[in-house]
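Structure first, commentary second.
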Amino acid sequence: MTDAVAPPIAGSPARTRKPRSWMRRNRVTIAPWLFLAPALIMFAIYVIIPIFQSIWISFYEWDGLGEAEWIGLRNYEDLWYDDRFYTSLKNNVIWLVLYMLAVPAGLGIALFLNQTVTGIRVYKSLFFFPFVISQVVVGLIFAWFYNPNFGIVGQVWEFFGANPPSILGDEDLVTYGIIFAGLWPQIAYCMILYLTGLNNVSPDQIEAGRLDGARGFRMLWHVILPQLRPATFIAVVVTVIGALRSFDLIAIMTQGGPYGSSNVLAYYMYEVALSEYGFRYGYGSAIATVLFTIMLIYISYFLWRMYQDEKGDR
């Protein structure tokens, strides 16, 4: 026999549940955004808003101090006929192509270091050391290396009885010399990305590949590289961004010389806006807009490819 529920006492107020507030009902959805809000606000203030400000300034003739004059697309028309702009753009393309060598080089070093031997941590630290060094220090080191009077390159050429070249003083060699200097720390960064990815490679798939007869390059191509796709994506994107926004090494090693032959868009933008060209902020912003558009196209393409690959794996 079940117990009967006692009726409410006469005269006592009936207990009613208070409706929960909108905040309490949606706290699971709101909580992540509350944690992200400070970072999003800072990102908007220091990244998003300056991007639109730069695009807006590119339509003005402005020295940074006086009154800005609206000139429409004239800055972009000047870019069309600017030989130094095309030289900088060409150098950026060379940077982009040759800088991509850091990805396979980093992969090769990571595969070499991904073994259990005595002192392997010391070797990993030595290979990663270039990435820890400041770009300014890297530029100074390679400027000394390339010096034809006392640098290592000059000493090697003199050892073989040849006249040492002035790499940083030759219009045909200077860009390649700076790129080689930039590859030193970039390869180290790609190596760390691949070492992290190799730690997550499934040993079961490797063992299954061995049972199927996969060895050497076939094992690498069909078993290991597909599992390193996230690391490869990050390495490519970071390398592309590093190639397009190269500035530090050029500023330290050549200042765009000789005769502007080593300029890239980032350094040419600095020259136009803040250096010898009379503080042409509008023209510098037009160069920055072109550089931003190129980076946006590349990054959007890689994101789209990554999305398509993940969509196909589902």
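Observations
- Matching residues in the range 259-272 - criterion: being in contact (Cβ under 8 Å) with a residue 40 or more places away in the chain and among the aliphatic types (A, V, I, L, M): V264, L265
- Condition check for R245: surrounded by fewer than 18 Cβ atoms within 10 Å (Cβ to Cβ), out of contact with any strand residue (DSSP E or B) (no Cβ under 8 Å at 6 or more places or on another chain) and more than 26 Å from F112 (Cβ to Cβ): yes
- Of all residues in the range 202-225 being more than 34 Å from the chain's Cα centre (by Cα) and not in a helix (DSSP H, G or I), the one that is surrounded by the fewest Cβ atoms within 10 Å (Cβ to Cβ): G213
- Matching helices (runs of 4 or more DSSP H) fully within the range 46-131 where at least 2 residues are closer than 30 Å to L195 by Cβ: 83-99, 102-113
Here is a yes/no grid of residues against (1) surrounded by 13 or more Cβ atoms within 10 Å (Cβ to Cβ); (2) closer than 30 Å to M219 by Cα; (3) of a type in the set (D, E, K, R):
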| residue | (1), (2), (3) |
| --- | --- |
| T116 | no, yes, no |
| L126 | no, yes, no |
| V132 | no, no, no |
| V138 | yes, no, no |
| Y146 | yes, no, no |
| D172 | no, no, yes |
| G177 | yes, no, no |
| P185 | yes, yes, no |
| M191 | yes, yes, no |
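- Qualifying residue in the range 18-26 (condition: surrounded by 10 or more Cβ atoms within 10 Å (Cβ to Cβ) and touching a helix residue (DSSP H, G or I) at 6+ places or on another chain (Cβ under 9 Å)): no
- Residues satisfying the stated conditions in the range 61-87, i.e. aromatic (F, W, Y) and closer than 10 Å to A286 by Cβ: Y76, F85
- For G256, the conditions (1) touching a residue at least 40 places away in the same chain (Cβ under 8 Å); (2) of a type outside the set (A, V, I, L, M); (3) in a loop (DSSP other than H, G, I, E, B) are fulfilled apart from (1).
- Checked against (1) of a type outside the set (S, T, Y); (2) surrounded by fewer than 20 Cβ atoms within 10 Å (Cβ to Cβ); (3) in contact (Cβ under 8 Å) with a residue 12 or more places away in the chain, A231 passes all but condition (2).
Rule-based calculations on the coordinates, nothing more; no lab input. Every value quoted in this text rests on a predicted model; they were computed, and no experiment measured them. Every residue, glycine as well, gets a Cβ built from its backbone with ideal geometry; the counts of neighbours run over all protein chains shown.
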